[in-house]
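The values are calculated or read from the model by the stated rules, or taken from the named source; none is laboratory data. All figures in this text were calculated on a predicted structure; none of them were measured in a lab. A quick note on method: Cβ atoms are made from the backbone with ideal geometry, for glycine too, and the neighbour counts reach across all protein chains shown.
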Amino acid sequence: MPVPAHHIVATPPPFDAPPYPVDIFAGRTVLVTGGGSGMGLAMAKAFAQGGANVAIMGRSIERAQEGAAEVAAIGVRTHAMSCDVRFPEAVAAAFDEAEAALGPVSLLANNAGANFPILAEDISPNAWNAVTRIAIDGTFLCSTEFARRRIAASEGGAIVNNSAQYIWTGFPGDAHSAAAKTAQATMTKKLAADWAPYGIRVNAIAAGFFPHATSTAGNREGGTEPLQNMIPAGRTGSIREFGWLSAMTCTPLFGGMTGQVIVQDGGESLRRSLIMPDYVPPRERADGPWGWK
């Protein structure tokens, strides 16, 4: 059912009106994994809007460079790097490179990930590892590399992780990503407890639907309207909202918050009720396990 015209649908401020001062991250450097496009790029831009220098890490150096160019247009220093976050030596080298170019990394945004719709019984070991190792191993390796450096320098810092709102319910055709994102959320809480005495805060955003150019949801037939119709807020998320909230958790404005997994999904996870469409098992859905091809 389309969103009725009389429903109030709140919209975010324009991109050039971030919800924090333009110098709140001045003099600081953030490293964003998977920051060349999509949600990672939104994170990178949000930190840049607060004055941070931005190191963008990605498996594809070309994509990382493209993202860095977009971020640099905001008026901050940037550096693009190629790194596979599944390997500790590569992660350590990337931190060395970022700090040589932009100075000590005091903020970290873990966004690197992979996902695709597939039924659980069809997931090969390679496919499972492709998703889980990036999200779980990558988040752990980048976070621990970050923490060791901050602890050695006797300085604090902040980490934000990109999780997902389906960590509590699972998602059809998403056993690999649901498992990885759930581990990431649990890791967020444990790392926050371990590192609180060192002034290192760790939080996560359990994101809902934020369609963008490289997302499946953003390119499906019919656009985003079918998604908007099922979300209580009446719309999908704007990618800049996700970037802003991610960066906000790392500001002094949220200095007392750590170990939290914040749901940002327009209420989509709250819509369960007695009156819902008939359940169709994922294998029997004409348009694939996610409901679209």
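Figures for the structure shown
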{"item": "Filtered residues of the range 36-56 (kept if touching a residue at least 60 places away in the same chain (Cβ under 8 Å) and either aromatic (Phe, Trp, Tyr) or over 21 Å from Pro14 (Cα atoms) (or both))", "result": "Phe47"}
{"item": "Any hit, the range 143-165, residues being in a helix (DSSP H, G or I), at pLDDT below 95 and among the aromatic types (Phe, Trp, Tyr)", "result": "no"}
{"item": "Qualifying residue in the range 86-94 (condition: modelled with pLDDT of 95 or more and closer than 17 Å to Arg28 by Cβ)", "result": "no"}
{"item": "Residue in the range 159-179 that is surrounded by fewer than 22 Cβ atoms within 10 Å (Cβ to Cβ), among the small types (Gly, Ala, Ser), without any contact (Cβ under 8 Å) to a residue 12 or more places away in the chain and over 27 Å from Ile56 (Cβ atoms) present", "result": "yes"}
{"item": "Among (1) at pLDDT below 80; (2) assigned to a loop (DSSP other than H, G, I, E, B) - the single one Thr169 does not satisfy", "result": "(1)"}
{"item": "Checklist (1) out of contact with any strand residue (DSSP E or B) (no Cβ under 6 Å at 6 or more places or on another chain); (2) on the phi < 0 side of the Ramachandran plot applied to Arg150, failing item", "result": "(1)"}
{"item": "Number of the exception - Pro282 against (1) at pLDDT 95 or above; (2) surrounded by fewer than 20 Cβ atoms within 10 Å (Cβ to Cβ); (3) in contact with a Pro (Cβ under 7 Å, 6 or more places away or on another chain)", "result": "(1)"}
{"item": "Scan of the range 117-142 for residues that are in a loop (DSSP other than H, G, I, E, B) and touching a residue at least 12 places away in the same chain (Cβ under 8 Å), ordered by number", "result": "Pro117, Ile118, Leu119, Ile123"}
{"item": "All helices (runs of 4 or more DSSP H) inside the range 1-115 with 1 or more residues being more than 19 Å from the chain's Cα centre (by Cα)", "result": "61-72, 88-102"}
{"item": "Selected residue (criterion: farthest from Arg149 (Cα to Cα)) from residues of the range 4-39 that are β-branched (Val, Ile, Thr) and surrounded by 16 or more Cβ atoms within 10 Å (Cβ to Cβ)", "result": "Ile24"}
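Conditions (1) farther than 26 Å from Asp174 by Cα; (2) of a type outside the set (Asp, Glu); (3) at pLDDT 95 or above; (4) out of contact with any helix residue (DSSP H, G or I) (no Cβ under 8 Å at 6 or more places or on another chain), marked per residue:
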{"residue": "Ala5", "(1), (2), (3), (4)": "yes, yes, no, yes"}
{"residue": "Pro13", "(1), (2), (3), (4)": "yes, yes, no, yes"}
{"residue": "Arg28", "(1), (2), (3), (4)": "yes, yes, yes, yes"}
{"residue": "Thr33", "(1), (2), (3), (4)": "no, yes, yes, no"}
{"residue": "Val71", "(1), (2), (3), (4)": "yes, yes, yes, no"}
{"residue": "Ile74", "(1), (2), (3), (4)": "yes, yes, yes, no"}
{"residue": "Ser82", "(1), (2), (3), (4)": "yes, yes, yes, no"}
{"residue": "Ala98", "(1), (2), (3), (4)": "yes, yes, yes, yes"}
{"residue": "Leu107", "(1), (2), (3), (4)": "yes, yes, yes, no"}
